[in-house]
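J.: This is the structure I want to talk about, given as structure tokens.
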């Protein structure tokens, strides 16, 4: 299921600009930053942990008790060229209340960092957390990976083996969650987004996960907002079919009242279908205690 041939030029660019469906993108960017700052002020946060050699290959970790705790590893969006881990911690305290650790992942951004290197960073991050699980206080058998928008693409690519004979991060994960993702990069390569990505046909093929996913996958929660552009709806359906063929589609969530930018708020919110699916996948208890002084600072 490819993008319609008629989807070109300004119409294609608009289809990959979900911000035109919301009153204010700045509202969400400011809210991400505010909520992340609040989370970062809580005790028990380890910031700037280096997981790879690149200057941007750092993560922030919210620990949870009792340790070792399951961990949700979150990859931010931003069209592969914006945002950082510093503004991607808005779900951290909700996961901690549910009994899980939370890692906000940073990575190099386009155009300075090629997409292949960004993909390699996320794979490296998953391996690093697995290798250092004891020191980090996380359960290496209960590692979960999530991402939104471009971050969902990167999380999906982490499930793909890096090369012949090389294991995928999929083998290290107990589950994954993909939100409002971009998975077929061919139309992206014809849109304004490619001004930063600079994808050619080969790069498109090796970085479009639906046809690259292995048969052996952890269960995946797939979600999108009800308020999305036609291309994000198509991309979601494409990935749903790819996961279904491999028997890995655990939940397919369409949150009717959510859009591309506020859907991630539901990640650990048990009152929402997405939050219930994610927390059930992590095998977390149903009761959520009230926030503690450790969470609120």
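The values are calculated or read from the model by the stated rules, or taken from the named source; none is laboratory data. Predicted model, so just to flag it, every value in this text is computed and none were measured. Positions of Cβ are generated from backbone atoms using ideal geometry, with glycine treated the same way; all protein chains shown enter the neighbour counts.
J.: Taking the criterion of being modelled with pLDDT of 95 or more, within 20 Å of the chain's Cα centre (by Cα) and closer than 23 Å to residue 110 by Cα, would at least one residue in segment 232-251 satisfy it?
T.: Scanning segment 232-251, I find at least one residue that is modelled with pLDDT of 95 or more, within 20 Å of the chain's Cα centre (by Cα) and closer than 23 Å to residue 110 by Cα, so the answer is yes.
J.: Can you pull out every residue in segment 160-182 that is part of a loop (DSSP other than H, G, I, E, B), farther than 14 Å from residue 236 by Cα and in contact with a strand residue (DSSP E or B) (Cβ under 9 Å, 6 or more places away or on another chain)? First the steps, then the outcome.
T.: So in segment 160-182, the residues part of a loop (DSSP other than H, G, I, E, B) come out as 160-168, 173-174, 180-182.
Still in the running and farther than 14 Å from residue 236 by Cα: 160-168, 173-174.
Result: 173, 174.
J.: Shifting gears a bit: Looking at segment 112-120, is at least one residue under 19 Å from residue 198 (Cβ atoms), in contact (Cβ under 8 Å) with a residue 40 or more places away in the chain and under 15 Å from the mean Cα position of the chain (by Cα)? I'd like the intermediate steps shown before the answer.
T.: Step one: of segment 112-120, the residues under 19 Å from residue 198 (Cβ atoms) are 112-120.
Those left that are additionally in contact (Cβ under 8 Å) with a residue 40 or more places away in the chain: 113-117, 119-120.
Right, trim to under 15 Å from the mean Cα position of the chain (by Cα) and you get 119-120.
Yes: segment 112-120 contains one or more residues that are under 19 Å from residue 198 (Cβ atoms), in contact (Cβ under 8 Å) with a residue 40 or more places away in the chain and under 15 Å from the mean Cα position of the chain (by Cα).
J.: How about segment 185-206: which of its residues are farther than 16 Å from residue 147 by Cβ and not in a helix (DSSP H, G or I)?
T.: The answer is 186, 187, 191, 192, 193, 198, 199, 200.
J.: Got a sec? Which of 185, 267, 199 is out of contact with any strand residue (DSSP E or B) (no Cβ under 6 Å at 6 or more places or on another chain), crowded, with 18+ Cβ neighbours inside 10 Å, without any contact (Cβ under 8 Å) to a residue 40 or more places away in the chain and closer than 21 Å to residue 78 by Cα?
T.: Working: 267 fails: without any contact (Cβ under 8 Å) to a residue 40 or more places away in the chain; 199 fails: without any contact (Cβ under 8 Å) to a residue 40 or more places away in the chain.
Testing whether each residue is out of contact with any strand residue (DSSP E or B) (no Cβ under 6 Å at 6 or more places or on another chain), crowded, with 18+ Cβ neighbours inside 10 Å, without any contact (Cβ under 8 Å) to a residue 40 or more places away in the chain and closer than 21 Å to residue 78 by Cα leaves just 185.
J.: Here is a follow-up. Restrict the check to segment 207-230 and report whether at least one residue is part of a loop (DSSP other than H, G, I, E, B), under 24 Å from residue 13 (Cα atoms) and in contact with a strand residue (DSSP E or B) (Cβ under 8 Å, 6 or more places away or on another chain). So that I can check it myself, show each step before the final result.
T.: Filtering segment 207-230 down to residues part of a loop (DSSP other than H, G, I, E, B) leaves 207-208, 212-219, 228-229.
Subset that is under 24 Å from residue 13 (Cα atoms): 207-208, 228-229.
After this cut, where a residue has to be in contact with a strand residue (DSSP E or B) (Cβ under 8 Å, 6 or more places away or on another chain) as well, the list is 228.
Yes, segment 207-230 has at least one match.
J.: Return yes when residue 238 is touching a strand residue (DSSP E or B) at 6+ places or on another chain (Cβ under 6 Å) and either closer than 21 Å to residue 263 by Cα or surrounded by fewer than 19 Cβ atoms within 10 Å (Cβ to Cβ) (or both) and no when it is not. Walk me through it before giving the result.
T.: Details: touching a strand residue (DSSP E or B) at 6+ places or on another chain (Cβ under 6 Å): no; either closer than 21 Å to residue 263 by Cα or surrounded by fewer than 19 Cβ atoms within 10 Å (Cβ to Cβ) (or both): yes.
Taking the combined requirement at face value, the residue does not satisfy it.
J.: Could I ask something else about it? Could you please give the count of residues in segment 217-232 that are touching a residue at least 40 places away in the same chain (Cβ under 8 Å) and either under 22 Å from residue 276 (Cα atoms) or out of contact with any helix residue (DSSP H, G or I) (no Cβ under 7 Å at 6 or more places or on another chain) (or both)? Let's see the steps before the verdict.
T.: Start the filter on segment 217-232 by keeping residues that are touching a residue at least 40 places away in the same chain (Cβ under 8 Å), which leaves 217-225, 227-232.
Still in the running and either under 22 Å from residue 276 (Cα atoms) or out of contact with any helix residue (DSSP H, G or I) (no Cβ under 7 Å at 6 or more places or on another chain) (or both): 217-225, 227-228.
Number of matching residues: 11.
J.: Just to be sure, is residue 258 more than 16 Å from the chain's Cα centre (by Cα) and assigned to a helix (DSSP H, G or I)? Talk me through it step by step, then tell me what you get.
T.: On the way: more than 16 Å from the chain's Cα centre (by Cα): yes; assigned to a helix (DSSP H, G or I): no.
Considered against the rule, which asks whether it is more than 16 Å from the chain's Cα centre (by Cα) and assigned to a helix (DSSP H, G or I), residue 258 comes out as no.
J.: Moving on to the next point. Quick check on segment 166-179. Is at least one of its residues surrounded by fewer than 22 Cβ atoms within 10 Å (Cβ to Cβ), over 20 Å from residue 123 (Cβ atoms) and in contact with a helix residue (DSSP H, G or I) (Cβ under 8 Å, 6 or more places away or on another chain)?
T.: The answer is no; no qualifying residue exists.
J.: Tell me which residues, restricted to segment 233-255, are touching a residue at least 60 places away in the same chain (Cβ under 8 Å) and assigned to a helix (DSSP H, G or I). Lay out the reasoning, then the answer.
T.: Here is the first cut: in segment 233-255, the ones touching a residue at least 60 places away in the same chain (Cβ under 8 Å) are 234, 237-239, 241, 250.
Of everything in segment 233-255, those that are touching a residue at least 60 places away in the same chain (Cβ under 8 Å) and assigned to a helix (DSSP H, G or I) turn out to be 234, 237, 238, 239, 241.
J.: Determine whether segment 26-49 contains at least one residue that is surrounded by fewer than 16 Cβ atoms within 10 Å (Cβ to Cβ) and closer than 20 Å to residue 119 by Cα.
T.: Looking for residues that are surrounded by fewer than 16 Cβ atoms within 10 Å (Cβ to Cβ) and closer than 20 Å to residue 119 by Cα, one finds at least one in segment 26-49, hence yes.
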